[in-house]
Each structure stands twice: as C-alpha cells, then as structure tokens.
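Worksheet: one structure, shown below.
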Amino acid sequence: MKTIAIGIGKNCNIIQAINIFEKTYDAKFILIDNDDELVSAILNDEIDAVVRGSLPASGVIKEVKKHFPDISRATFVHGDEHEFLLTPVGIDEGATVEDKLKIAVECGNFLRKLSKEPKIAVLADGRKGDYGRSEKISKSIDDSESLTQLIKENTDFEVKNYYILIEQALKDDCNVLIAPDGIIGNIIFRTLILVNSWPSCGAITFGINGIYIDTSRDQSVEGYLRSLKFAYKLANL
C-alpha cells in the first residue's frame, strides 16, 4: 500500500476526490492542513508521494529549495487530444537560458521514464520576423534560439523553435512546451486549465528525492482526482 500525503485547504473538492479515489485504489492518505507539515512530508522518505491539494502552500517551494536548490516544475496536461508537459510554470522559474535548459533535460528524462519520446517546442515572445520590435522581444527571440541550440548540443531529444506559435507546436504533437519564462508559463496554464478546462494532472516537481505534485487550490474534483492518480502511478513506477 502506498502512502500519499495531501494538503487540505478551503476547497472541499479535494475531499470528494479522495473519496472517489479510495473506491478503486489501495492507498493510505495523510491529510495535512499547513505548510510546515507539507514540507516535512515532502522530505520524509517513508511517504511515497505528496500532493499539494487545495492548500495555499505559498511558502512550500521556498522552504523545500533550502534542501533542494535546483527545483523546477512542469504541469502535465493529459487529455484525449493533447498530452504534454508545460514548463516553466512557477512565476520565479525559467528566468535564464540555463534554467530552461535544465528544465528541458528534466522533462525529457521524465517522459522517457514513462516510455514516451520527448518532442520539445521552445517558445518566445514573438515570431522570428518580430525581431527588433522591442528590446524585450528581441532578447526573448535570442534566448529561444540559444536554448534550442543548447538542447540539440546537450541531448538527443527532438527539438524545434516555434517562437510564439504555440498553436503550431500543439498541432505538431509536441509533448514538452517551454515557455519564455515562468510568468508566461503560468498564464498559459491558467488559460488552458482553469479557464478552458483542459485536463491537467498537476505539476511534477523536479530536483527533489521524492514525488511532489503541485496543484491549484482552485481545481475541480476531476482535476484533483487526476492528480491523485498521477501521484499513485509515479509512486508505483
């Protein structure tokens, strides 16, 4: 039996998700209502997986970074038509080309653990032809081209620079989308998942010893249920 720790906040959808999950899967749940205990659970090797659930947990990642400084996250969007990792999604993540290269490597290696071959789309703030329209746009385009080249040089993953054309990356069935930075990644996440209800399993956290699935405090019952199933699957790999 796997032990899963889960954060319980004001959104009661998480409780409903647990009740549904327990009807099919054999797991022991530890319910947590504060950041400190959630951090302790992440650091506890005897707990098989931790899910943020509906707990606000604003200080969790900051505290865990004291133990694992190279943390990054990628949201796993999992639906009938689309399945991909979206990263970076933390607003303070993916600030440099080097940061995004590490995330790309983590995402690619993670997909291979799931027996999937990485197909990476690098994104930027504009099209290639938009170069020069502003200093910010030009830098983003430069960074996207540097990142694409570094991924080619440091991995054997398939990778292509799609610039701002996220719709084309999805049409081409890319399974890793690398946003220009964590702020844009977070906005893409909120637009797809919270506004348009694309199915997400939550964000997998890389750079730690255990399994931590970061979820939105505003998720639906179905969304939390997907996260629980995802954590359970990873715990059983």
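Got a sec? How would Glu81, Glu93, Glu158, Glu98 order by Cβ neighbour count within 10 Å, fewest to most? Walk me through the numbers on the way to the answer.
Numbers: Glu81 8, Glu93 22, Glu158 16, Glu98 11.
Sorted ascending by nearby Cβ count, the order is Glu81, Glu98, Glu158, Glu93.
Can you sort Val105, Val89, Val50 from fewest to most other Cβ atoms within 10 Å of each residue's own Cβ?
Values: Val105 18, Val89 26, Val50 29.
Starting with the residue having the fewest Cβ neighbours, the order is Val105, Val89, Val50.
What pairs in Lys2/Lys23; Lys66/Lys100; Lys119/Lys171 have C-alpha atoms more than 18 Å from each other? Mind dumping the intermediate values first?
Values: Lys2/Lys23 15 Å; Lys66/Lys100 20 Å; Lys119/Lys171 12 Å.
With Cα atoms farther than 18 Å apart: Lys66/Lys100.
Tilt of helix 13-22 relative to the longest C-alpha principal axis of the chain, in degrees (0 to 90, nearest 10)?
With rounding to tens, the tilt is 70 degrees.
If you place +1 on the Cβ of every Lys and Arg, -1 on the Cβ of every Asp and Glu, and leave all else neutral, what size is the dipole of the chain about its Cα centre, to the nearest 20 Debye?
On the way: 28 positive and 36 negative charges, 59 e Å.
For the chain, the charge dipole is close to 280 debye.
Set the Förster distance to 25 Å, then compute FRET efficiency between Ile20 and Leu237 from the Cβ-Cβ distance, nearest 0.05. Numbers along the way, then the final one.
On the way: r = 23 Å, r/R0 = 0.91.
For R0 = 25 Å, the calculated efficiency reads 0.65.
Only helical DSSP H runs with n ≥ 4 go in: add -39500 (n - 2.57) per run for the chain, normalise by residue count and round the 222 nm mean residue ellipticity to 500 deg cm²/dmol.
Result for the chain: -11500 deg cm²/dmol, rounded to the nearest 500.
Got a sec? Charge dipole of the chain, +1 on Cβ for Lys and Arg, -1 for Asp and Glu; which of Ile18, Gly126, Phe157 is way out at the positive end?
So the residue furthest toward the plus end is Ile18.
Which residue, Pro69, Pro118, Pro199, tops the fluctuation ranking in a GNM of the chain built on C-alpha contacts under 10 Å?
Pro69
Fully extended, how many nm does the chain gain between Asp36 and Glu153 (0.36 nm per residue separation, minus their Cα-Cα distance)? Mind showing how you got there, number by number?
Values: separation 117, 0.36 × 117 = 42.12 nm, distance 4.07 nm.
Length difference between fully extended and current span is 38.1 nm.
Springs between alpha-carbon pairs under 10 angstrom, Gaussian network model over the chain: which of Asp156, Asp125, Asp70 fluctuates most?
Ranking Asp156, Asp125, Asp70 by mean-square fluctuation puts Asp156 first.
What translational diffusion coefficient, in µm²/s and rounded to a whole number, does the Stokes-Einstein relation yield for segment 72-206 at 10 °C and a viscosity of 1.306 mPa s, taking the hydrodynamic radius as the Kirkwood radius over Cα pairs?
Working: Rh = 14.5 Å.
Estimated diffusion coefficient is 109 µm²/s.
Measure off 7 Å from each Cα along the Cα-to-Cβ vector at Asp218 and Arg133, then give the distance between these two points in nanometres to one decimal.
2.7
Choose one answer from Thr205, Thr155, Thr215: the residue with the largest mean-square fluctuation in a GNM of the chain with alpha-carbon springs under 10 Å.
Thr155
Past 20 Å, Cα to Cα: identify those pairs from Lys62/Lys152; Lys116/Lys160; Lys113/Lys229; Lys139/Lys160, in the order given. Please report the intermediate quantities before stating the final value.
On the way: Lys62/Lys152 31 Å; Lys116/Lys160 17 Å; Lys113/Lys229 17 Å; Lys139/Lys160 18 Å.
Violating the 20 Å Cα-Cα cut-off are Lys62/Lys152.
Would you list Leu165, Leu31 from fewest to most Cβ contacts within 10 Å? Provide the component values of the computation, followed by the final result.
Working: Leu165 16, Leu31 13.
Result, fewest neighbours first: Leu31, Leu165.
Only the coordinates and a few stated rules stand behind these numbers; no lab work does. Nothing here was measured: the structure is a model prediction, and the numbers come from that model. Cβ atoms come from the backbone with ideal geometry, glycine included; neighbour counts cover every protein chain shown.
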